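The block underneath contains the structure these notes are about, expressed in structure tokens.
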Amino acid sequence: MAGETLWTQGLAKTRQSIFTRVGALLRGGEITADLWDELEGLLIQADVGLPTTSELLARVHSQAKGQGARSRQDVLRLLKEEMVRCLSAPSPLDDGGRLLTVILIVGVNGSGKTTSIAKLARHYQRQGRKVVLAAADTFRAAAIDQLKVWGQRIGVEVIAQQPGSDPGAVVFDAIQACRSRGADMLIVDTAGRLHTKHNLMDELRKIRNVAAKQVHQAPHETLLVLDATTGQNALAQAKHFKEAVDVTGVIVAKLDGTAKGGVVLSIAKELGLPVRFVGLGEKPDDFAIFDPRRFVDGLFAE
């Protein structure tokens, strides 16, 4: 799917469940005192979260008052503007002219991490990059197998060892493979055992150290995959990972499968992390660089 269609179709579930009601509330009639309470309730139901909802509506209310807004349509316009403002567009990946870019992918098991890695690889493939994947989630044999299946499906080489192998050794081998094959991007899958945070931190630290010794300033990005369908639980996970790892951005997976896509606003506002990519369907190409304007327009599309 291209451009607008991808966003409109990918956000259909979120739009049809709650944001259609927000749109209906704001498409006709005068501004009343009850309007703000109703609007707050709907945004919280959409998983925007209380802190972000409160700040968002305070700004909209102030703008509406300052501009002398009279209709609910004016409030809708101001709400959309504030939502876009809340969601800063991600800066492009800074390659700095380097020969090899290393990206770590973190996130709990079941979040859509492996599928997101494949989609990310596909995204950069289409930009002319030569990508290699490293199966450094050696704790689970299924994770290695799943990554290999995706690698075959999209035509990307996967560097893997036996289950239980040292993840750092996998990353070392993958970097050597990139050099010998002329690949310019390495995407590394990592273990998602959040409940053993200390072990996770140690493992990720080792992976980062191996990468840094082999490639200048690696890893260059550490992207956290969050499952949009888990709503505010995704936000709680993100807070844990942000404490444990130097996360540089977020991939929001399964956005097409949730009625509560408002969590994207919570992630951006409360964590101060840029949403870099979103998964908007099951196919490898149902993936996009996050675009705040298209996201907000997709929520309110008629």
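Computed values, structure above
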| item | result |
| --- | --- |
| Condition broken by Gln214, with the remaining ones in (1) modelled with pLDDT of 95 or more; (2) of a type outside the set (A, V, I, L, M); (3) touching a helix residue (DSSP H, G or I) at 6+ places or on another chain (Cβ under 8 Å); (4) under 17 Å from Leu147 (Cα atoms) satisfied | (4) |
| Residue within the range 257-272 that is farther than 27 Å from Arg27 by Cβ, among the charged types (D, E, K, R) and either part of a loop (DSSP other than H, G, I, E, B) or free of Cβ contacts under 8 Å to residues at least 40 places away in the same chain (or both) present | no |
| Residue in the range 242-254 that is under 14 Å from the mean Cα position of the chain (by Cα), crowded, with 19+ Cβ neighbours inside 10 Å, closer than 17 Å to Gly107 by Cβ and among the small types (Gly, Ala, Ser) present | yes |
| Positions within the range 44-63 being among the hydrophobic types (A, V, I, L, M, F, W, C) and modelled with pLDDT under 95, in sequence order | Ile44, Ala46, Val48, Leu50 |
| Unmet criterion (only one of (1) surrounded by fewer than 20 Cβ atoms within 10 Å (Cβ to Cβ); (2) out of contact with any strand residue (DSSP E or B) (no Cβ under 9 Å at 6 or more places or on another chain); (3) of a type outside the set (A, V, I, L, M)) for Gln125 | (2) |
| Ala118 being modelled with pLDDT of 95 or more, touching a strand residue (DSSP E or B) at 6+ places or on another chain (Cβ under 6 Å) and not hydroxyl-bearing (Ser, Thr, Tyr) | no |
| Some residue of the range 187-203 being in a loop (DSSP other than H, G, I, E, B) and aliphatic (A, V, I, L, M) | yes |
| Restricting the range 13-37 to residues that are modelled with pLDDT of 90 or more and of a type in the set (Gly, Ala, Ser), the residue that is surrounded by the most Cβ atoms within 10 Å (Cβ to Cβ) | Gly23 |
| Number of the condition not met by Ala268 [criteria: (1) out of contact with any Leu (no Cβ under 8 Å at 6 or more places or on another chain); (2) farther than 13 Å from Leu6 by Cβ; (3) aliphatic (A, V, I, L, M)] | (1) |
| Test: residue in the range 131-138 that is at pLDDT below 95 and more than 22 Å from the chain's Cα centre (by Cα) | yes |
| Residue pairs meeting the criteria (Cβ under 9 Å; at least 6 apart or on separate chains; first within 14 Å of Val275 (Cα to Cα), in the range 286-302; second outside any strand (DSSP E or B) and of a type in the set (S, T, N, Q)) | Phe287/Ser116; Pro292/Ser88; Arg294/Thr8 |
| Condition broken by Val131, with the remaining ones in (1) over 22 Å from Gly281 (Cβ atoms); (2) in contact with a strand residue (DSSP E or B) (Cβ under 6 Å, 6 or more places away or on another chain); (3) without any contact (Cβ under 8 Å) to a residue 60 or more places away in the chain satisfied | (1) |
| Those residues of the range 244-267 which are more than 25 Å from Arg205 (Cα to Cα) and out of contact with any Lys or Arg (no Cβ under 6 Å at 6 or more places or on another chain), in sequence order | Lys254, Leu255, Asp256, Gly257, Thr258, Lys260, Gly261, Gly262, Val263, Val264, Leu265, Ser266 |
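The values are calculated or read from the model by the stated rules, or taken from the named source; none is laboratory data. Here the structure is a predicted model, which means the values were calculated and not measured. Virtual Cβ from ideal backbone geometry, glycine too; neighbours counted across all protein chains shown.
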